Protein chains: 2
Amino acid sequence: MSVAATLPAVRPLDATASRAAAQRQAQLLKPPGALGRLEELAVWMAGVTATPRPDPRARIVVAAADHGVTAQGVSAYPQALTAQMLAAFDAGHAAIAVLAGHSQAALVLVDAGVIDPPAVPAVPAGLPAPSADLSREPALTVEQLERALELGRSLAAQAADDGVHLLLGGEMGIGNTTPAACVAAALTGASPAAVAGRGTGLDDAGLERKQAVIARALAVHAGTLNDPLEVLRRLGGGELAVLCGLALGAGEHGLGYVCDGVIATAAVAVAVSLQPDLRPRLLAAHRSTEPAHGLMLEWLGLDPLLDLGLRLGEGTGAAAALLLVAAACRLHDGMATFAEAGVG
Amino acid sequence: MSVAATLPAVRPLDATASRAAAQRQAQLLKPPGALGRLEELAVWMAGVTATPRPDPRARIVVAAADHGVTAQGVSAYPQALTAQMLAAFDAGHAAIAVLAGHSQAALVLVDAGVIDPPAVPAVPAGLPAPSADLSREPALTVEQLERALELGRSLAAQAADDGVHLLLGGEMGIGNTTPAACVAAALTGASPAAVAGRGTGLDDAGLERKQAVIARALAVHAGTLNDPLEVLRRLGGGELAVLCGLALGAGEHGLGYVCDGVIATAAVAVAVSLQPDLRPRLLAAHRSTEPAHGLMLEWLGLDPLLDLGLRLGEGTGAAAALLLVAAACRLHDGMATFAEAGVG
């Protein structure tokens, strides 16, 4: 595929800024290390932004798409909800819209292949069709995949131009824990039973059906899954591809990227497979209740910041983590050193 | 002791408001339960505040005190830092002052027995002396204990009068992980080796010394430790007693109480021993790196919200948790129901 040939290089973290931030943390009015991960977050943000006292300006990008695999009965909700939720994001009704306002992060909506999309100001992905049924054929065409990846990368470029430091990727798509689980199984080698979760609320019969669909999909596409882009194209979907491009673009343009739940993390896992240098720019926001999420976080070597039993997606876990990143940066900037405070 | 006879009753959570909040959560624009602990926090706050759509108005009370047991070499820092840090809280230099500003929570400072306290507007506790060396004699006199408990209760009453819903108790006191560990051992039956941690940064020799001091203290006061108030008086200290009173007062006046780290949680453990009905009004903010903290949280049956490797005290973990409580309440109030959003 042509996309692989043009994969962007990842800008490394700024070691000078990281070092300066770590030195500042060692001088602040507390025993060294006593603020634990809040110190690590500030030092990480310094490296990400190349600024010793970083400002966590953030943008949330929520990509929505529909999935042909819903025909196999893998979701507890009807497909029409994807379009309705996209409208609800725009209207401020949904969780991620409330959290975006609460954390003063801009919210960008992406139509990555929604059936009958609402007339809201969402960025169009050039993906008018939902994904095909991945249990029978590739989810996306080569062209759909390329367009979606490009769109994600261009959204990262735009964010960098706008002075954003941190991208949070969220998603909405009825049925999309199934592609995420398939991608997780293909990349990590885990079994269908290990990656299948209840998603938005499957009962036992639904869960068994989902496992069987995942197993069938892996069998249908077997032999093509050594290439991460083929994994994404055959087993993913529009929002996964946009988020994969967004994460790659974050690396390319020197932003930090906050991984949300199982779907967003599946997209990131593909991005890291393509470009391992991306890993230092990633923050795992939380551990969701979907089993494939924990598997992928471990596979990525990421230690999630929160464990709140979330399983909503939309970027809500990433937005919750952003509250701690902002607090960490505020502490880093606002606390006095021992010398400044005349203590000790 | 006279204090026990006047222990206040705890106001139970408001079941009607909790039920209304839980019903609202079930109707909001998400699969039921998909926001995990953020849903639980909103429902809990509804019960705490007797309001179906609660507002998390919070106040942070930081009590500072000195400890005679520092003569035994149980801290990596000199005792004079307690007074200096009290000044730094007032000046806005310290972590908790930064977080209080960040989360828009008022910060109340209490002198609970600081040597040479600074001239800052701290509430005086009527405890002009630091605690005595608990490894040789009771840390507090009966009068000191009673005054400190009363002060804590009166601060809770004042908060309730001021329309506060949530109290966060923090502390500062060089050497105070030793009394906290002693209280933890006395209440839970754990061994000195199990409760002793490195505090602000003890080396191996310091840790061994601390274990021996804890063992000596438990031996000196053996036979008197069936009474939680005697545990607090003999093995505690001024800030532990104020925070114990504050937690009891939160129960009495119908507030929620957020438990911070090992010292604040030791104070809460005494309060719950005296008044088990307090438990539903408690939120465990985080799990610190001090081993006695995890032991007490388990003993209290509290599941901490965060695990960030914090070990600073001051109320910083509670303030970090407050960010999530505020987000949970904002989601609870700001999200639309399926019906309101016209979805489904």
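For residue A:88, are the conditions met, namely being crowded, with 24+ Cβ neighbours inside 10 Å and without any contact (Cβ under 8 Å) to a residue 60 or more places away in the chain?
Numbers: crowded, with 24+ Cβ neighbours inside 10 Å: yes; without any contact (Cβ under 8 Å) to a residue 60 or more places away in the chain: yes.
So residue A:88 fits the description; yes.
Mind counting the residues in segment B:93-125 that are more than 30 Å from residue A:322 (Cα to Cα) and part of a loop (DSSP other than H, G, I, E, B)?
12
Can you run down the residue pairs with Cβ atoms below 6 Å, 6 or more apart or on separate chains, where the first is in segment B:199-222 and within 14 Å of chain A (Cβ to nearest Cβ) and the partner is assigned to a loop (DSSP other than H, G, I, E, B)?
B:200/A:31; B:200/B:76; B:200/B:77; B:201/A:31; B:201/B:76; B:202/B:76
Condition test on residue A:217, is it among the hydrophobic types (A, V, I, L, M, F, W, C) and crowded, with 16+ Cβ neighbours inside 10 Å?
yes
So if I check each of A:301, A:309, which one is under 16 Å from the mean Cα position of the chain (by Cα) and either on the phi > 0 side of the Ramachandran plot or at pLDDT below 95 (or both)?
A:301
Taking residue B:277, is it open to solvent by 30 Å² or more (accessible area, probe 1.4 Å), at pLDDT 95 or above, within 14 Å of chain A (Cβ to nearest Cβ) and in contact with a helix residue (DSSP H, G or I) (Cβ under 9 Å, 6 or more places away or on another chain)?
Numbers: open to solvent by 30 Å² or more (accessible area, probe 1.4 Å): yes; at pLDDT 95 or above: yes; within 14 Å of chain A (Cβ to nearest Cβ): no; in contact with a helix residue (DSSP H, G or I) (Cβ under 9 Å, 6 or more places away or on another chain): yes.
So residue B:277 fails the test.
Would you be able to say whether some residue in segment A:252-273 is open to solvent by 10 Å² or more (accessible area, probe 1.4 Å), touching a Gly at 6+ places or on another chain (Cβ under 6 Å), assigned to a loop (DSSP other than H, G, I, E, B) and closer than 23 Å to residue A:214 by Cβ?
Looking through segment A:252-273, none of the residues is open to solvent by 10 Å² or more (accessible area, probe 1.4 Å), touching a Gly at 6+ places or on another chain (Cβ under 6 Å), assigned to a loop (DSSP other than H, G, I, E, B) and closer than 23 Å to residue A:214 by Cβ.
Quick check on this structure: which one of A:137, A:143 is of a type in the set (D, E, K, R) and part of a loop (DSSP other than H, G, I, E, B)?
Numbers: A:143 fails: part of a loop (DSSP other than H, G, I, E, B).
Being of a type in the set (D, E, K, R) and part of a loop (DSSP other than H, G, I, E, B) holds for just one of A:137, A:143, which is A:137.
Mind counting the residues in segment B:103-121 that are free of Cβ contacts under 8 Å to residues at least 40 places away in the same chain and closer than 17 Å to residue B:319 by Cα?
1
Would you confirm, using the coordinates I've provided, whether residue B:193 is over 29 Å from residue B:106 (Cβ atoms) and free of Cβ contacts under 8 Å to residues at least 24 places away in the same chain?
Values: over 29 Å from residue B:106 (Cβ atoms): yes; free of Cβ contacts under 8 Å to residues at least 24 places away in the same chain: yes.
Here the answer is yes, as residue B:193 does meet what is asked.
Taking the options A:186, A:180, name whichever one is over 27 Å from residue A:44 (Cα atoms), in contact (Cβ under 8 Å) with a residue 12 or more places away in the chain and under 13 Å from the mean Cα position of the chain (by Cα).
Of A:186, A:180, the one residue that is over 27 Å from residue A:44 (Cα atoms), in contact (Cβ under 8 Å) with a residue 12 or more places away in the chain and under 13 Å from the mean Cα position of the chain (by Cα) is A:180.
Looking at (1) more than 13 Å from chain B (Cβ to nearest Cβ); (2) in contact with a helix residue (DSSP H, G or I) (Cβ under 6 Å, 6 or more places away or on another chain); (3) over 30 Å from residue A:13 (Cβ atoms), can you tell me which one residue A:98 breaks?
(1)
Working only within segment A:225-251, note down all residues that are surrounded by 24 or more Cβ atoms within 10 Å (Cβ to Cβ) and not in a helix (DSSP H, G or I).
A:236, A:237 - these are the residues of segment A:225-251 that are surrounded by 24 or more Cβ atoms within 10 Å (Cβ to Cβ) and not in a helix (DSSP H, G or I).
If you go through segment B:161-170 one residue at a time, do you hit one that is surrounded by fewer than 24 Cβ atoms within 10 Å (Cβ to Cβ) and not in a loop (DSSP other than H, G, I, E, B)?
yes
Just to check your reading of the model, which residue among A:129, A:83, A:139 is free of Cβ contacts under 8 Å to residues at least 40 places away in the same chain and away from every other protein chain (no Cβ under 14 Å)?
Working: A:83 fails: away from every other protein chain (no Cβ under 14 Å); A:139 fails: free of Cβ contacts under 8 Å to residues at least 40 places away in the same chain.
On inspection, the qualifying residue turns out to be A:129.
Looking only at residues that are of a type in the set (D, E, K, R) and either in a strand (DSSP E or B) or at the interface with chain A (Cβ under 9 Å from one of its Cβ atoms) (or both) in segment B:287-333, which one is surrounded by the fewest Cβ atoms within 10 Å (Cβ to Cβ)?
B:333
Mind checking which helices (runs of 4 or more DSSP H) fall wholly inside segment B:1-70 and carry at least 1 residues that are away from chain A (no Cβ under 14 Å), in contact with a strand residue (DSSP E or B) (Cβ under 9 Å, 6 or more places away or on another chain) and at pLDDT 95 or above?
On the way: elements: B:2-5, B:15-27, B:36-49.
The qualifying helices (runs of 4 or more DSSP H) are B:36-49.
Determine if segment A:108-125 includes at least one residue that is under 21 Å from the mean Cα position of the chain (by Cα), more than 14 Å from every other protein chain (Cβ to nearest Cβ) and open to solvent by 60 Å² or more (accessible area, probe 1.4 Å).
Yes: one or more hits.
Among the residues of segment A:195-205, is any β-branched (Val, Ile, Thr), assigned to a helix (DSSP H, G or I) and open to solvent by 10 Å² or more (accessible area, probe 1.4 Å)?
Within segment A:195-205, not a single residue is β-branched (Val, Ile, Thr), assigned to a helix (DSSP H, G or I) and open to solvent by 10 Å² or more (accessible area, probe 1.4 Å).
Can you confirm whether residue A:336 is crowded, with 24+ Cβ neighbours inside 10 Å, at the interface with chain B (Cβ under 9 Å from one of its Cβ atoms) and touching a strand residue (DSSP E or B) at 6+ places or on another chain (Cβ under 9 Å)?
Numbers: crowded, with 24+ Cβ neighbours inside 10 Å: no; at the interface with chain B (Cβ under 9 Å from one of its Cβ atoms): yes; touching a strand residue (DSSP E or B) at 6+ places or on another chain (Cβ under 9 Å): yes.
No: the conditions fail for residue A:336.
Tell me which residues, restricted to segment A:71-85, are crowded, with 23+ Cβ neighbours inside 10 Å and outside any helix (DSSP H, G or I).
A:74, A:75
The values are calculated or read from the model by the stated rules, or taken from the named source; none is laboratory data. As the structure is a computational prediction, the values presented were derived from the model and not from experiment. All Cβ positions, glycine included, derive from the backbone under ideal geometry; neighbour counts span all protein chains shown. Ligands, DNA and RNA are excluded from the accessible area calculation, which covers all protein heavy atoms including side chains. Shrake-Rupley method; radii C 1.70, N 1.55, O 1.52, S 1.80 Å.
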